[in-house]
Amino acid sequence: VFGVAHWLEHLLPPMLERQSGTLVGISSLASHRGGPMSGPYSASKAALSVLLESIRLEVRRAGVVVTIVEPGFIRSEMTDKNKFPMPFMVETEAAAAQIADAAAEGQPMVRFPWPMAAAVRVLKSLPIGLYDRIAGRMLGGDEGSLKDS
């Protein structure tokens, strides 16, 4: 998050001065709900999505476009190391094309792949108690407490 904030400090002023430019920020679908064993990752992505959304609203009248990208799993060296299921994995080239298309079209937000984005939307709308039971099962316990694992 701090890296992106520092990056924006340098890139945004010239764009505002010339009243044009496109910023593309990569966040994650993990930004929408805290998941088991992913607190720091999900929290940093939530902060990034909200930061970019705020900036998008602040700079749009100055001709600067901000596209927020919230992907699911993309095949990479990082995901190759994961030992957990990664549903709806997107190949790197397909993800890059989708991001480039969204930026070229000036879309404010792009979330993909659609099945994972839809699942996240459903999970986000669940009552806390129900979400806790579902997420707790991912840890192998009924209540999802770390003390149960």
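The values are calculated or read from the model by the stated rules, or taken from the named source; none is laboratory data. On a predicted model such as this, the values are computed, not experimentally measured, just so you know. Cβ coordinates were reconstructed from backbone atoms using ideal geometry, including for glycine residues, and neighbour counts include every protein chain displayed. The accessibility values were calculated without ligands, DNA or RNA, using every heavy atom of the protein model including side chains. Shrake-Rupley method; radii C 1.70, N 1.55, O 1.52, S 1.80 Å.
Ligands, DNA and RNA left out, the accessible area of the chain computed with a 1.4 Å probe is 60% carbon and sulfur.
Using a cutoff of 8 angstrom between alpha carbon atoms and counting only pairs six or more residues apart, the relative contact order for the range 37-149 works out to 20 percent. Only one residue of SER31, PHE112, GLY136 has its Cα farthest out toward the positive end of the dipole of the range 1-146, where Lys and Arg carry +1 and Asp and Glu -1 on Cβ, and that residue is GLY136.
Under the shape rule built on the C-alpha gyration tensor, where the axes satisfy a ≥ b ≥ c, the chain is prolate, since a/c reaches at least 1.5 and a/b is greater than b/c. If you wrap the tightest convex hull around every Cα atom of the range 73-131 and split its volume per residue, you get 105 Å³. For PHE112, nonlocal amide neighbours, meaning residues 5 or more places apart or on other chains whose placed amide H falls under 5 Å from its own, are GLU70, GLY72.
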